[in-house]
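Input: a single structure, listed below in structure tokens.
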Amino acid sequence: MSVRILALVGSLRAGSHNRQLAEAAVKHASEGVEVSIFEGLADIPFYNEDIDTEGAAPETATALRTAIAQADGLLLFSPEYNGTIPAALKNAIDWASRPMGAGALAGKPVAVVGTAYGQYGGVWAQDETRKSVGIAGGKVVEEAKLSIPSSVIRFAELHPADDAEVVEGLGKVIDQLVAQSGTAAA
């Protein structure tokens, strides 16, 4: 039985460095660990209790909740937009937190990583993401961190999947996440 890790990427741009970082996690996951990227964050409407009714929630939000519920852990990739978490990622957390106390996120192990243009690699946004996930009911794996600065320069000609230091860092984060998932990799 493999451990299933669901990746959510806060940047919606197809060629984003955080998307590439998620692709590196998929490519280099340890044997017995399956990392998959959730597609469709851009299609989920902003959270609104008026449209989150039993049997009538938007299909895209229901798909997100189902994917999270079926995962053993979550790996969130957060760039930094104006010093904080991107709206698409925050919206996903909001949908996954409902119904309050019993959402798909409740008790789910979560690690947050990312890369950004600035010299600190998006740590403010990643810290805000951890805070939001924890309040929303996720089990934040605090020691699982990876912030890669200067993304535009570092990944100008090198995909993160081909950067040995990045691959090693992602591997450590995924191992820490798997250890908190309560399931052992085969």
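Each Lys and Arg Cβ is given +1 and each Asp and Glu Cβ -1; about its Cα centre, the chain then shows a dipole of about 220 debye. Note on the chain: with a GNM built from Cα contacts shorter than 10 Å, the maximum mean-square fluctuation among 171, 114, 122 falls on 171.
Suppose we flag GluC sites (Glu not before Pro) only when DSSP calls them loop and at most 12 other Cβ atoms lie within 10 Å. Which is the longest uninterrupted stretch of the chain?
55-156
Volume of the convex hull of the range 22-82 (Cα atoms only), normalised per residue: 113 Å³. Apolar share of the accessible surface for the range 1-139: 52 percent from carbon plus sulfur atoms, 1.4 Å probe. Accessible surface area normalised per residue over the chain is 48 Å², counting heavy atoms of protein chains with a 1.4 Å rolling probe.
Between the alpha-carbon centers of the range 42-117 and the range 125-186, tell me the distance in whole angstrom. With the range 42-117 and the range 125-186 each reduced to a Cα centre, they are spaced 17 Å.
Computed over the range 62-186, the Cα gyration tensor eigenvalues convert (square root of 5λ each) into semi-axes of 25, 18, 12 Å, ordered from largest to smallest.
Counting only DSSP beta bridges whose two residues both lie in the chain, roughly 5 percent are antiparallel.
For the range 1-75, chymotrypsin sites (Phe, Trp or Tyr not before Pro) are listed when DSSP marks them as loop and at most 15 other Cβ atoms sit within 10 Å of their Cβ; the list is 46. Loop-located trypsin sites (Lys or Arg not before Pro) across the range 1-102 with a Cβ neighbour count of 16 or fewer within 10 Å are 13, with loop assigned by DSSP.
Just the protein heavy atoms count here, and of the accessible area of the range 140-186 at 1.4 Å, carbon and sulfur take up 53 percent.
Three principal axis extents of the range 1-129 based on alpha-carbon atoms, in descending order, are 43, 40, 25 Å. Of all DSSP bridge pairs formed entirely within the range 1-96, close to 10 percent run antiparallel.
The values are calculated or read from the model by the stated rules, or taken from the named source; none is laboratory data. Predicted, not measured: the structure shown is a model, and the values here were computed from it. Using ideal geometry, Cβ is built from the backbone for each residue, glycine included, and neighbour counts are taken over all protein chains shown. What goes into the accessible areas is simple: the full protein's heavy atoms, side chains included, and nothing from ligands, DNA or RNA. Shrake-Rupley method; radii C 1.70, N 1.55, O 1.52, S 1.80 Å.
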